[in-house]
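One structure below.
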Amino acid sequence: MKMITKKKFLVALTAGFIFVSCSSDEETLSGTESDLNAVSATASINSIPQNIEGNLSWNLPGKTSHEFKNNFNVVVPSECGDTPFRSVISFYNNALIGGFLGSWDGNPDAIGVILDDYFIINQIAAFDNINTDTFGANGEYTHYVKNRVRSLEKFWDMPNLISVRGQHTSTLEDLNVLRYVYENYSSAPPEVIDYLLGIAENFNTTSDQIPENPLYASDGFATFGGIIVVGDGIVSMLAETGLDAKVVWSGILAHEWGHQIQFQNFGNWEYPVPAFNNTPESTRMTELEADFLTAYYLTHKRGGTYNWKRVEDVLASFFNIGDCGFESPGHHGTPNQRLEAARQGYLFASNQKKKGQIATAQSVHDAFLSKLDGIVGGSDAADNAGNLH
Ligand SMILES: [Zn+2]
């Protein structure tokens, strides 16, 4: 699918940064070691024109589930509380802006290429299976991820159905990849593509952001058609907050795999509201189910074999990343709802463990539905308990 639209720079600046579902929060500049960069980036970003358009816009073909989408804007202070992950994101965001400004010759077209197109190019490259066979910036998790995928295939009885693709910032070093994407996903004529590639080459050779900045590989999503994309950057940034990178890989893969199970059963599984119809209730339901499936797999003794505490710590970090910006409280489920869904998945696995059984996906689905009201209602009460109203 090719879809070309234009958008404004402020939108573009926020659109490519991927992590945390559908939050509208903006990045705070408070933090730890990122403060030094934040000050200069905040001061000088005002010199960047705010109405520059990128050259690409892309909607994933088919029904999709974007998992870890983060919207933030370095300019506007946020009401969000700080978290370790926000500090990491802020650090790399400011490094990116600083690196861009440091290598910028003032050409306004560079803004659209570097701060917008680059993110879309790397999404498209991963989706189109370019440079996706390894995991980790240096391939250091390739073996681990491939074993994890085999485990998921076996556990859910889904052999060779899902293509798991790594996303790497180093892909952006290859101007042939950039050329391929512009040629196939933009309406730019050849001479304009050459011009855009010149901008890219300048940035790649004069800034210190490619391949270093993990934000350019921070996608995590599943799509109809059996594709899962996980970027090195999202894992490494979470690991920087103190989480075990392998558990992070496993958690993201198990969650995206949960969506693939839902896609596989789309049209057959019954739900209280239609699945994947883009309403808050629908999205919350399918997300909570993916969380239930995640914890079921991760804690099952024939699955991930993790103990609950280890899983809980990592999932709690996932769920808390984007909480403060949710304008629609029910959209993806509150952190408490998501953690409760995961805990119920763990309890379901725990009961089965004694018999050493792996439930069918249908049975896990049924178990989730039987708990859904409690997950949503119970945690709503918990969420409201601390509020002053
Ligand atoms: Zn999800």
When you scan the stretch 185-195, do you find a residue that is surrounded by fewer than 20 Cβ atoms within 10 Å (Cβ to Cβ), within 16 Å of the ligand (Cβ to nearest atom) and either not assigned by TED's automatic domain parsing to the domain that holds Gly136 or not in a helix (DSSP H, G or I) (or both), even just one?
no
Every residue in the stretch 245-260 that is more than 11 Å from the ligand (Cβ to nearest atom) and charged (D, E, K, R), please.
Lys246
Leading residue by the ranking (nearest to the ligand (Cβ to nearest atom)) among those in the stretch 209-244 that are hydroxyl-bearing (Ser, Thr, Tyr) and in contact with a Phe, Trp or Tyr (Cβ under 9 Å, 6 or more places away or on another chain)
Thr223
Answer residue from the stretch 51-110, given it is among the hydroxyl-bearing types (Ser, Thr, Tyr) and away from the ligand (no atom under 16 Å from the Cβ) and is modelled with the lowest pLDDT among those
Ser78
Filtering the stretch 278-324 down to residues that are among the polar types (S, T, N, Q) and assigned to a helix (DSSP H, G or I), which residue is farthest from the ligand (Cβ to nearest atom)?
Thr299
Filter the stretch 270-289 down to residues that are modelled with pLDDT of 95 or more and closer than 18 Å to Gly225 by Cβ, then give me how many there are.
0
In the stretch 204-211, is there at least one residue being part of a helix (DSSP H, G or I) and without any contact (Cβ under 8 Å) to a residue 40 or more places away in the chain?
yes
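Condition check ((1) over 19 Å from the mean Cα position of the chain (by Cα); (2) not polar (S, T, N, Q)) across all residues:
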| residue | (1), (2) |
| --- | --- |
| Ala95 | yes, yes |
| Thr132 | no, no |
| Arg148 | no, yes |
| Glu153 | yes, yes |
| Leu161 | yes, yes |
| Gly166 | no, yes |
| Glu191 | yes, yes |
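The values are calculated or read from the model by the stated rules, or taken from the named source; none is laboratory data. Bear in mind that the values here come from a model prediction, so they are computed numbers and not experimental data. Neighbour counts run over all protein chains shown; Cβ positions are idealised from the backbone, glycine included.
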